[in-house]
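Engineer: Can you keep this structure in mind? I'll have questions shortly.
The values are calculated or read from the model by the stated rules, or taken from the named source; none is laboratory data. Note that the structure is a prediction, hence the values are computed from the model and not measured. Using ideal geometry, Cβ is built from the backbone for each residue, glycine included, and neighbour counts are taken over all protein chains shown. Side chains are part of the model used for accessible areas, which takes the heavy atoms of the whole protein and leaves out ligands, DNA and RNA. Shrake-Rupley method; radii C 1.70, N 1.55, O 1.52, S 1.80 Å.
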Amino acid sequence: MLWYTAPAADWEREALPIGNGALGAMVFGTVTSEHLQFNEKTLWTGGPGSVQGYDHGDWRTPRPGAIQAVQDDLDRQGRLTPEAVAGRLGQSRVGFGAYQTFGDLYLDLPGTPAANDYRRELDLDNAVATVAHTDGQVRRRREFFASYPDGVIVGRLSADQPGQVGFTLRYSSPRADFTAASSGGRLTVRGALADNGLRFEAQIQVLSSGGTVSSGADGTVTVSGADSAWFVLAAGTDYADTHPGYRGADPHAAVTRAVDQASGYPYDTLKARHIADHSALFGRVALDIGQSSPPDVPTDRLLSSYTGGASPADRTLESLFFQYGRYLLIASSRAGSLPANLQGVWNQSTTPPWSADYHVNINLQMNYWLAEAANLPETTAPYDRFVEAMRAPGRRTAQEMFGSAGWVVHNETNPYGFTGVHDWATSFWFPEAAAWLTQQLYEHYRFGGSTDYLRGTAYPAMKEATEFWLDNLRADPRDGRLVVTPSYSPEHGDFTVGAAMSQQIVHDLLTNTLEAAGILGDSPAFRQRVEQALAALDPGLRVGSWGQLQEWKEDLDDPADDHRHVSHLFALHPGRQIEPGTAWAEAAKVSLTARGDGGTGWSKAWKINFWARLSDGDHAHRMLGEQLKSSTLPNLWDTHPPFQVDGNFGATSGVVEMLVQSQHGVVEILPALPAAWPDGSVRGLRARGGAVVDIDWVDGKPTRVALTATRTRRLTVRSALLRHGETTLKAVAGRRYEWR
Ligand code: FUC
């Protein structure tokens, strides 16, 4: 539970998030006027119909031979500045758009300025935000939740004495593109975005037990003299994820239906349906690292006093932060809407940082690192759909810009299939993103084992990304190896040929595609092409002059450089090309040590994962500490700065990597347990190959390991608890195996 003793004064730092994937809200808990800023995930400017025009980032005028000319220059000169390449391959961005706030809901509460015993909390187990205080003799309580099964946000106000609840509900928005009207206790907001005509609608039905509900001519709804009152809110747009129009049905019917249905339930039923849905996901994983429970210190104080030392309060914050990542993913990524963006689903602005978009040179991928292992595989459905929807525009970009087969997307994208380029020199070019995006699809298969999923969802996207690279890899005149060119290590250095990350991503893609092609029995001819490309591919692993893993094919690394991206360690994480104990792992450690323990929020989160993969639990834990100390806000949101949810998700993933790993086909128990967590237990983590893992440990050593197999197949387990350190069993689906 996160809890505080005062209302939130600031959206980004203090308000508390609730969400059901499509809808999100930030609860302030203001005493005299409750404030809920809310979102619907598809409310985006830009795209088709944008006043600026729209081209998906594809070149507005053809540039035949432009990429090849850059490749030739790179072969001759070795390096080109990002500005030089952007001048030749980039173009100004039009109609990209930005994620929009839906607006603000205020509940003005007459005459209750003084508050005693104030408490504001977010209960992660039930996904309910509560505000409670006493005014005069009356104890007041508000509850808010976002229900996935009923598709609504719900809020309820109550008091411990009858007839004490009254408020006026009103809507406002920073845009002037709507009308708000109320009748029958229902406030209806309708409008269309000026930029692209996207239609939107929200309805908020107010209900009460006792008292009266009246609708004002000014679009407000007023409750007076009630024992309790609640509202249900639904919102939608006419966005559809279908290329090229990106429009579907007017939202009116769906919003009306959701509000009508939810209003038909008694409040307790609505709440029970929500809790049953949420807890079925959230309750799967339990982590005990010695935290005190229930925590007796407000969360903002827990954070400000965090020392990274050995106090139980520190463990409380660490375990809370771990579970908060799981909570946030459930709240911002459920089937039926877009995936979690840079801010999950929460955005209060019309011009959010980076448009609150989908950056695909680390950020969107990081959002889903925890999904499989932290036992929330259902949350990946929107990601899969997003990738699927990107393939049609991505195919056109591949054809028009590269003259090649396959699909491609660059550094960042939007819900309207922006798969081309812009002209910000250090971030416009990253065609490796498509390959990287498909990694999660294959991971979903590796964890879950559904061949239907592999055949129907993962493989088509992987194969088409592979076809792009089969067409676009080029022989490096220096050594004949196949390389990516032009190649740019994200947001760092010059353009070169065959930078480590480019090569490692393509290596990962081809490896996964070859495996999948074998499982599915794709044609021998295709498999042979992939196999040959993989054999000829420059693997992107090189040890440089100071023992580092080189970021570029030439030894250009500066040991004093602490850039936040550590892209050349992709092969360590989230890739699996580097095995522990190898020379590559040693070199990765040298590079990582040189980059230091700083960085922005997501960068620190990535470093937790790296150190865990290097089996250094203490350093992984130190990075978790760095993130909590200097990249975490009082509401426990990760801050880049500004707020970016990727760091929350990356940190949760990092904690899992400390406890269980399985990327190399072996289930590793406690691969990177820090000394700071000598005794503990974890329940419900998932491993590749099909197992749910429970571990107890004492004095840093496992005392009990239990695996529940989810597939019938051979499983190899490695643990200090096992007589020979390792055992292979013929696991049977549904059966539990236990060692003590
Ligand atoms: C990547 C990062 C930036 C920022 C942006 C949203 O481009 O390099 O630091 O996180 O995404």
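Engineer: May I ask you to say which residue of W606, W602 is within 16 Å of the ligand (Cβ to nearest atom), in contact with an Asp or Glu (Cβ under 7 Å, 6 or more places away or on another chain) and not in a loop (DSSP other than H, G, I, E, B)?
Structural biologist: W602
Engineer: Return only the number of the condition from (1) under 11 Å from V387 (Cβ atoms); (2) within 16 Å of the ligand (Cβ to nearest atom); (3) hydrophobic (A, V, I, L, M, F, W, C) that A461 does not satisfy.
Structural biologist: All conditions are met except number (2).
Engineer: So, in the stretch 427-458, of the ones that are part of a loop (DSSP other than H, G, I, E, B) and under 18 Å from L364 (Cα atoms), which residue ends up farthest from the ligand (Cβ to nearest atom)?
Structural biologist: Within the stretch 427-458, the match that is farthest from the ligand (Cβ to nearest atom) is P431.
Engineer: Does the stretch 491-500 contain any residue that is open to solvent by 30 Å² or more (accessible area, probe 1.4 Å), over 23 Å from the mean Cα position of the chain (by Cα) and in contact (Cβ under 8 Å) with a residue 12 or more places away in the chain?
Structural biologist: Yes, because at least one residue in the stretch 491-500 is open to solvent by 30 Å² or more (accessible area, probe 1.4 Å), over 23 Å from the mean Cα position of the chain (by Cα) and in contact (Cβ under 8 Å) with a residue 12 or more places away in the chain.
Let's see how each residue does on (1) surrounded by fewer than 24 Cβ atoms within 10 Å (Cβ to Cβ); (2) within 27 Å of the chain's Cα centre (by Cα); (3) not in a loop (DSSP other than H, G, I, E, B):
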| site | (1), (2), (3) |
| --- | --- |
| G24 | no, yes, yes |
| V51 | yes, no, no |
| G57 | no, yes, no |
| I67 | yes, no, yes |
| V70 | yes, no, yes |
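Engineer: Further question: Does A381 satisfy being out of contact with any His (no Cβ under 7 Å at 6 or more places or on another chain), away from the ligand (no atom under 15 Å from the Cβ), under 20 Å from G448 (Cβ atoms) and open to solvent by 10 Å² or more (accessible area, probe 1.4 Å)?
Structural biologist: Yes.
Engineer: Now for a different question. Considering only the stretch 623-638, state which residues are in contact with a Lys or Arg (Cβ under 7 Å, 6 or more places away or on another chain) and open to solvent by 20 Å² or more (accessible area, probe 1.4 Å).
Structural biologist: If the condition is that a residue be in contact with a Lys or Arg (Cβ under 7 Å, 6 or more places away or on another chain) and open to solvent by 20 Å² or more (accessible area, probe 1.4 Å), then E626, P634 are the ones that fit.
Engineer: Please state which one of A588, A571, A651, A620 is crowded, with 24+ Cβ neighbours inside 10 Å, modelled with pLDDT of 95 or more and in a loop (DSSP other than H, G, I, E, B).
Structural biologist: Among A588, A571, A651, A620, only A571 is crowded, with 24+ Cβ neighbours inside 10 Å, modelled with pLDDT of 95 or more and in a loop (DSSP other than H, G, I, E, B).
Engineer: Can you say whether R595 is of a type in the set (K, R), in contact with a helix residue (DSSP H, G or I) (Cβ under 7 Å, 6 or more places away or on another chain) and either under 23 Å from H640 (Cβ atoms) or within 16 Å of the ligand (Cβ to nearest atom) (or both), as far as the supplied structure shows?
Structural biologist: Considered against the rule, which asks whether it is of a type in the set (K, R), in contact with a helix residue (DSSP H, G or I) (Cβ under 7 Å, 6 or more places away or on another chain) and either under 23 Å from H640 (Cβ atoms) or within 16 Å of the ligand (Cβ to nearest atom) (or both), R595 comes out as no.
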